[in-house]
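A.B. asks: The following block contains the structure, expressed as structure tokens.
All of the numbers you see were taken from the coordinates with simple rules; none came from a lab. None of the values given here were measured: they were computed from a predicted structure. Ideal geometry is used to build each Cβ from the backbone, glycine not excepted, and the neighbour counts take in all protein chains shown.
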Amino acid sequence: MDNEYVEYTVEGFKKAAEALGISEDQKEMMLSISINSLIMA
Amino acid sequence: MCLPTIIRRYKLATERNKINERLHLFNDAIRFNNPKRVPTFSNLITWKIHDTDIQPKPTILEATCDWELMEKIVRESIERYNFDAYIDYGTRNNSNYHKVVGMDKMTQVIDDTHGVYAQEPNSMRDSEFWEFGEDQTMYNWTKIMPRRYGKLTYAQIKQIVDYTLEFIDYSQRMDEITVNEYGIPTLMDGNAWLMVAVEWLFGVYRGISKFSLDMRRHAKEIEELSGIQNQQLFAQTDSALSLQTENCIFDIGTSFLAHSVMNIKQFEKLYWPAIKYAIDKAEAADKKMFIFAEADIIRFADFFKDYQKGTLTISVEMENIYDVRKVLPNCCLMGGITVDMLVHNTPAECVAEAKKLCDELGNNGYIMSQNKLLSFKNDAKRDTLKAVQDFVLNYNIN
């Protein structure tokens, strides 16, 4: 799965968050913070 | 009690005294309450990497990708200049992302010849203001990500998140180190920093040229977007002003940049409602608000001139600080030490100007700082900056 491309859809966001190796309740929040940080960096 | 514990407790008590002393100075300056001396504020960002004595000399890119290295650079800078507070602890740029998406896709591009420069953003289409307003994260994911970065794998997304987590760890560590080891107060709580909708358009999604045209071609859409986003800012303001922030200088703050391309009517419509709400609330609650204003402020002075002393502090970038003092006698001003002076004048000339600033403004709401964020190698010289700092720290005005 690591080498598959993410999908830039609402479902794709959830799937990308789910694949992160961090605690369950922080996954979507951390992906959101990371994407917003990347865009501003 | 063992000796190391006694030493540790002594050090903590010393730093607690230092932070209280600095908070007292800032409070007296902001409240026009005759501070013992003028408090000093550092606007040093990537310039401190140029200024380091660490060998081999790190490049900007190396330092903004390596948090252990950045911590050493920041500690060295704090110990050299000893400012009372800081805008940045090496967290202005997280360049690690370039390893995933490529430097040419970054908003803040690192160029080791010149430093850091911002690329004009160009990812938002004309018809998308609403999508950004409705759900910013999903808008970024579904529209901005594919346009700007193209296809990314799950492993690359995971790497981006890991770089973010490392960066957050570093930021939190530096917040603790600066408070507990150096007795430096924090500017404000991170949740108390407001960003109005038009600043997102100006700085992140549309860029200066498109946003300037947007205010004419899409005035109604932007006004409606601002109205919706303002509801979130009102809630954020209420929340920020209820925080207990014992180590913070200010209770709430914002940065002004998009105002630089606005006329007064545009500012009044698109910018002022959220800011007015925050200032009114801060004034009513006897709280302190900071406006980090880049570019100019004098032509907007009428908006701020009737607030009571002690509420507002405004930074002064491009205008003469004595001229700003005349039109805003009720606001604490931050600035005065210009980059031109630090680069072109001698240390003695810089100290003479610093003395004049202390004598003329020191008792009337004044915090000394450099007039802009010091980024590039030629934004300052060590000897002039240090001469000013050493003078002000030892110059009692009351």
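A.B. asks: Once the Cβ-Cβ distance between B:A235 and A:E7 is put in as r, and R0 is 25 Å, what FRET efficiency do you end up with, to the nearest 0.05?
C.D. replies: The calculated FRET efficiency here is 0.20.
A.B. asks: State log₁₀ I(q)/I(0) for chain B at q = 0.07, 0.10 Å⁻¹ as given by the Debye formula over alpha-carbon point scatterers of equal weight, solvent excluded.
C.D. replies: One equal scatterer on each Cα of chain B leads to -0.34, -0.72.
A.B. asks: Amide H of B:Y86 versus every other amide H placed in the peptide plane: which residues, excluding those fewer than 5 positions away on the same chain, fall under 5 Å?
C.D. replies: Placed amide hydrogens put B:S42, B:L187 under 5 Å from B:Y86.
A.B. asks: Which whole number gives the average, over all residues in B:139-151, of C-beta atoms from other chains lying within 10 Å of the residue C-beta?
C.D. replies: 4
A.B. asks: Modelled label-to-label distance, B:D383 and B:R80, 7 Å Cα→beta-carbon offset: nm?
C.D. replies: 1.4 nm
A.B. asks: Can you spot the aspartates and glutamates whose alpha carbon is less than 16 Å from B:K386's alpha carbon? Ignore those fewer than 8 places along the same chain.
C.D. replies: Output for B:K386: B:D51, B:D53, B:E76, B:E79, B:D84, B:D340, B:E349, B:E353.
A.B. asks: Could you work out the Rg to Rh ratio of the protein assembly as shown, with Rh taken as the Kirkwood radius (inverse of the mean 1/r over all Cα pairs)?
C.D. replies: Dividing the radius of gyration by the Kirkwood radius yields 0.97.
A.B. asks: Between their Cα atoms, which of A:K15/B:K151; B:K305/B:K356; B:K269/B:K326 are more than 20 Å away from each other?
C.D. replies: B:K305/B:K356; B:K269/B:K326
A.B. asks: Each residue of the range B:127-136 in turn: what ³J(HN,Hα) in whole Hz from Karplus with 6.51, -1.76, 1.60 and θ = phi - 60°, glycine and Pro shown as x?
C.D. replies: 8, 10, 3, 5, 4, 5, x, 6, 7, 4
A.B. asks: Strictly over 30 Å apart at the Cα level, which of B:K36/B:K288; B:K48/B:K143; B:K265/B:K372 would you flag in this model?
C.D. replies: Violating the 30 Å limit, Cα to Cα: B:K48/B:K143.
A.B. asks: I would also like to ask the following. Calculate the FRET efficiency for B:N330 and B:N17 from the Cβ-Cβ distance with a Förster distance of 41 Å, rounded to the nearest 0.05.
C.D. replies: Approximately 0.80, to the nearest 0.05.
A.B. asks: Could I ask something else about it? Leaving out same-chain residues fewer than 8 places away, which aspartates and glutamates sit with a Cα under 16 Å from that of A:K27?
C.D. replies: Within reach: A:E11, A:E18, B:D162, B:E166.
A.B. asks: Please give the calculated 222 nm ellipticity per residue for chain B, where each DSSP H segment of at least 4 residues contributes -39500 (n - 2.57) and the sum is spread over every residue; nearest 500 deg cm²/dmol?
C.D. replies: -14500 deg cm²/dmol, from helical runs alone.
A.B. asks: What do you get for Rg/Rh over the range B:1-65 if you use C-alpha atoms and the Kirkwood form of Rh?
C.D. replies: 1.19
A.B. asks: If you don't mind, another one. Using θ = phi - 60° and the Karplus curve 6.51 cos²θ - 1.76 cosθ + 1.60, what whole-Hz ³J(HN,Hα) does each residue of the range B:52-59 get, with Gly and Pro shown as x?
C.D. replies: 5, 9, 4, 10, x, 4, x, 7
A.B. asks: Under unit Cβ charges (Lys, Arg +1; Asp, Glu -1), what dipole magnitude, rounded to 20 debye, does the protein assembly as shown have relative to its Cα centre?
C.D. replies: It works out to roughly 760 debye.
A.B. asks: Would you mind ranking B:C248, B:C331 so that the residue whose beta carbon has the fewest other beta carbons within 10 Å leads the list?
C.D. replies: B:C248, B:C331
A.B. asks: Over the whole of A:1-12, what's the average partner chain Cβ count within 10 Å per residue? Rounded to a whole number, please.
C.D. replies: Per residue, the number of nearby Cβ atoms from other chains is 5 on average.
A.B. asks: Beta carbons within 10 angstrom, averaged per residue: use that to sort the peptides B:101-111, B:266-276, highest first.
C.D. replies: Going from most to least packed, we get B:266-276, B:101-111.
A.B. asks: Would you please state which residues of the range B:155-196 a label at B:L393 would reach in this model, taking the label point 7 Å out along Cα→Cβ and a backbone N cut-off of under 13 Å?
C.D. replies: Zone members listed by number: B:182-184.
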